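The values are calculated or read from the model by the stated rules, or taken from the named source; none is laboratory data. Just so it is clear, the model here is predicted, and its values are computed rather than measured. Don't worry about glycine lacking a Cβ; one is built from the backbone with ideal geometry, like all the others, and counts go over all protein chains shown. In case anyone asks, the SASA skips ligands and DNA or RNA and just uses the protein heavy atoms, side chains included. Shrake-Rupley method; radii C 1.70, N 1.55, O 1.52, S 1.80 Å.
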Amino acid sequence: MSRKYLDVDPWKIIESTFDKKNVKSSESIFSIGNGYMGQRANFEEDYSGETFQGSYIGGVYYPDKTKVGWWKNGYPEYFAKVLNAPNWIGIHIKINKETLDLNKLTVNSFQRELDMKKGIYTRKFHATLNNGIEILVHIIRFISLKEDSLGAIEYKITSLNIDCNILIEPYIDAGIVNQDSNWEDAFWKNKSLTNTDLFSGIISETNKTKFEVCTYMSNKLLYDEKIINPSSINKSDNKLSHLFKVNIEKGKTIKLIKLGGYIKKKTKPQLNLFEEAKKLTKRFINIDFNELLSLQIRSWKKIWEVSDIKIEGDLKSQQAIRFNIFHLNQTYSGKDPELNIGPKGFTGEKYGGSTYWDTEAYCFPFYMFTKDQSVPRNLLKYRYLQLDKAIENATKLGFEKGAALFPMVTMNGEECHNEWEITFEEIHRNGAIAFAIHNYVRFTNDFKYLKEMGIEVLIAISRFWSQRFSFSNDKNKYVILGVTGPNEYENNINNNWYTNYIARWCLAYTKYQIKNIKNLYPEDFIKILKKINWNENELRLWEDIIQNTYFPYDDEKKIFIQQDGFLDKEFIPVIKLDKSARPINQNWSWDRILRSVYIKQADVLQGFYFFPENFTNEELEKNYKFYEPFTVHESSLSPSVHAVLACRIGLIDDAYKFYLQTSRLDLDDYNMEVEEGLHITSMAGSWISIIEGFCGMQIINDTLSFKNKLPNKWTSLSFKINFKGSILEVNIIENKINFIWKGESKINIISNDKRITL
Ligand code: BGC
């Protein structure tokens, strides 16, 4: 299934007709943001048709009480809701008394565009109102990449056929609810309002979590080059507006400039939110709108200079990767270690919480390779800042002595996912966090980070694993019982191969880094040990587990077995399933899914993805060919890992199919649910598919290595990597790879198995 109504273009997303059926999907696809705040592409003017209103502020959430059938000890108290924030974009418009509402008039032409190169969203339409007035409307909107709290709109209306009277009433509205909440609680409480000709602001506070936010606006209306003052300023409980009345002549245009956004009170309790917002609007309201646009374009230019990937020969692939890169940059800027990358980013409210294992397992490489080192460091710092909560979380579940279980889903470090099979059992997430640390350290050699933060995280994670393994007398090995692996279509299983593998790896890696830190920073090392009450005796058990971990393996098939008992299943490949059964998560009972062989997403194969150096290509091929035919890829995270692995064993056509599936998932709406929001974290998988898949980039013994094989259609590919503060440019033309190294000192890399110096 799919829904394809957007034009294909290298830099733009274009919708060129108005179809009410697509409004909600486009609201997701054309979303804009800057890492601090973001919003769906809702119309500014009234719209009485079906719409999904959404505007979000990074890190602002509501703890919606957990609603479950039967309470189990250890359940988190709440489910964190990404909160729909007050609306700052609204503009109510009446033309000769008729409300401008695209649902109720005749749309003669319509076009919206997201210019990804510039970070600017525009909409144009030509419409005939029921009163016969023909208008042309042109809107430009952006959320500033540079100024976290600044959004801007230019709204132009031209009357085409007669002189008319226009009421234009920009407003901010804090009477906002979420589409979805467990108990119909009110999420926001308004604390104070201020409204003058020049500035309007509402300070609202979230109930329970007490986030204080000022939603503001400042407006300037121009007609015939002259500034028009509002004829009234209006105030109701939740809403503030400026009302402008203008008689316009046929053929002439009025132009409203509206600035708005949010200022969130964070660490500075003395911050006067109204004053801050006023200062901001004063700085920007008198700057020409084109100048504001230039600032925005310049900021995006800087982003694209490093993160762009150029593909020639295949426009669809080109558009898709830029769309993915664009949204990843809109979702996370890396400036604030308390923010993270939610699966829906700022494009919808599904998925409580903002941080999943998606961040470390899927998103981390994109930010690490295309950004300044401070960005991946902040992603790691995020977990360090939440380490105490992770220890608390593990303690609640019965672990001790500083063992940490990081949450499956979180906003502030507390677990907020409320299904036992995920919360208690999907513990492999701890492994992905340790893996990201390893990924970062081998790429940057930032041992200072390890000393300051990383080693404590690693030890706490390893303490968890050492207690979570138990010894089986029957097997004479250490086992892990009662888990859910990455494949969530199996619960409460024993010895999930991937979980056992990454758990054991964590113990070995932590041991290795303890030794390094001890050598590099002996004095600090003693302090750390004191702080966390660790001594070398703990290593004894770790070592025993490392030497004696149980891994389910089939000698005949020569594959790792996903979990104990997996081979008892009925093995009917996915292609033999009736189409009406797909996706199985919408068509089968949960019971049937659990009993079936079908795999939601890479599970054993996730281990092969993380640790290519530990397996031979034959092993990979055997396991890939065994598991992929039973994989339904019903998590958006699945196709990308399969794309990378398919490349490693030379199945480029399969990899290309997976690449399109992951990179155009939202643009072509393969799951027919893009209206709920975009799949932000899986967008990082598109980047991985290209860079780690078709270009075969890996870090082998601290050295960057490439092994390229492009899809047939791609005549060339180029991209850049930020390597230790300098840029490595990679160009592949007709499968010949070339490098341009902009750093001052030489580096060694491996290019298609040959070691070269740049
Ligand atoms: C996947 C998880 C993922 C979550 C959020 C689920 O469908 O199975 O692996 O963490 O979505 O993206």
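Brief remarks on what is shown
- Counting lysine pairs in segment 701-758 whose alpha carbons fall under 19 angstrom apart, excluding pairs fewer than 8 residues apart on the same chain, gives 14.
- Evaluating 6.51 cos²θ - 1.76 cosθ + 1.60 at θ = phi - 60° for every residue in segment 488-502, the Karplus couplings come out as 6, 8, 9, 10, 6, 9, 9, 6, 5, 3, 4, 5, 4, 5, 6 Hz, glycine and proline recorded as x.
- Proximal charge balance of residue 316 [Cβ under 13 Å; K/R count +1, D/E count -1]: 0
- A crude spin-label estimate for the pair residue 197 and residue 392, with each label 7 Å from Cα along the Cβ direction, gives 5.1 nm.
- Taking every alpha-carbon pair under 8 Å whose residues sit at least 6 apart, the chain reaches a relative contact order of 13 percent.
- For the chain, the Rg and Dmax computed from alpha carbons only, in angstrom: 27.1, 90
- Efficiency of FRET from Cβ geometry, residue 270 and residue 316, R₀ 56 Å, rounded to 0.05: 0.60
- Principal-axis tilt of helix 652-663 within the chain, Cα atoms, nearest 10 degrees: 40 degrees
- Amide H to amide H, with H built 1.01 Å from N, residue 49 comes under 5 Å of 103, counting only residues 5 or more places away or on other chains.
- Cα gyration tensor, segment 701-758 - rounded (a/c under 1.5), prolate or oblate: prolate
- Contact order, relative form, for segment 12-291: 18 percent (alpha carbon pairs under 8 Å, 6 or more residues apart, mean separation divided by residue count).
- Taken over the C-alpha atoms, segment 12-291 has Rg and Dmax values of 19.5, 70 angstrom.
- Gain upon complete extension [residue 555, residue 8; 0.36 nm per residue less C-alpha separation]: 192.0 nm
- Ratio of the Cα radius of gyration of segment 323-437 to 2.2 N^0.38 Å, where N counts its residues: 1.05
- Integer Hz, Karplus 6.51/-1.76/1.60 couplings in order for segment 51-63, x for Gly and Pro: 8, 10, 6, x, 9, 9, 10, x, x, 8, 9, 10, x
- Within the shell defined by Cβ-Cβ distances under 15 Å, the residues around residue 523 carry a net charge of +4, with Lys and Arg each +1 and Asp and Glu each -1.
- Among the trypsin sites (Lys or Arg not before Pro) found in segment 517-576, those both in a DSSP coil and sparsely packed, with 15 or fewer other Cβ atoms within 10 Å of their Cβ, are 557, 558, 569.
- DSSP-loop chymotrypsin sites (Phe, Trp or Tyr not before Pro) across segment 158-208, with at most 10 other Cβ within 10 angstrom: 183
- Order by protection proxy (mean Cβ within 10 Å, highest first), peptides 545-552, 651-658: 651-658, 545-552
- Near the amide H of residue 714, within less than 5 Å, lie no amide hydrogens of residues on another chain or at least 5 residues away, with H placed in the peptide plane.
- If you take all other residues with their beta carbon under 12 Å from the beta carbon of residue 71, and give Lys and Arg +1 and Asp and Glu -1, the sum is +2.
- Taken per residue, the accessible surface of the chain reaches 39 Å², heavy atoms only and a 1.4 Å probe.
- Residues in segment 561-570 carry Karplus couplings, in order, of 8, 3, 6, 4, x, 4, 6, 6, 6, 8 Hz; the curve used is 6.51 cos²θ - 1.76 cosθ + 1.60 with θ = phi - 60°, and Gly or Pro positions show x.
- For residue 24, solvent-accessible area (1.4 Å; no DNA, RNA or ligand), Å²: 40 Å²
- Straight-line cross-link reach from residue 117 at under 12 Å between alpha-carbon atoms covers these aspartates and glutamates, not counting any fewer than eight positions away in the same chain: 9, 305, 308.
- Whole-percent carbon and sulfur share, accessible surface of segment 12-291, 1.4 Å: 48 percent
- Relative to the longest principal axis of the Cα atoms of the chain, the long axis of helix 455-468 makes an angle of roughly 60 degrees.
- Distant-in-sequence amide contacts of residue 549, defined by a placed amide H-H separation under 5 Å and a gap of 5 or more residues or a different chain, comprise 478.
- Within the accessible area of segment 701-758 (1.4 Å probe), percent carbon and sulfur: 44 percent
- Ranked packing of 73-83, 208-218, most packed first, by mean Cβ within 10 Å: 208-218, 73-83
- For segment 600-739, the Cβ-based charge dipole about the Cα centre amounts to some 580 debye (Lys, Arg positive; Asp, Glu negative; other atoms uncharged).
- With kT/(6 pi eta Rh) evaluated at 37 °C and eta = 0.692 mPa s, and Rh the Kirkwood radius from Cα pairs, segment 189-336 diffuses with a coefficient of 176 µm²/s according to Stokes-Einstein.
- For the chain, calculated [θ]222 nm from helices alone, where every DSSP H run of n ≥ 4 adds -39500 (n - 2.57): -9000 deg cm²/dmol
- Dipole magnitude for the chain: about 1660 debye, using +1 per Lys or Arg Cβ and -1 per Asp or Glu Cβ, origin at the Cα centre.
- Unsatisfied cross-links (Cα-Cα over 23 Å) in the set 344/625; 208/264; 146/226; 389/515: 344/625; 146/226; 389/515
- Debye log10 I(q)/I(0) at q = 0.19 Å⁻¹ for segment 521-660, Cα point scatterers: -1.13
- Across segment 701-758, Cα pairs under 8 Å and at least six residues apart give a relative contact order of 34 percent.
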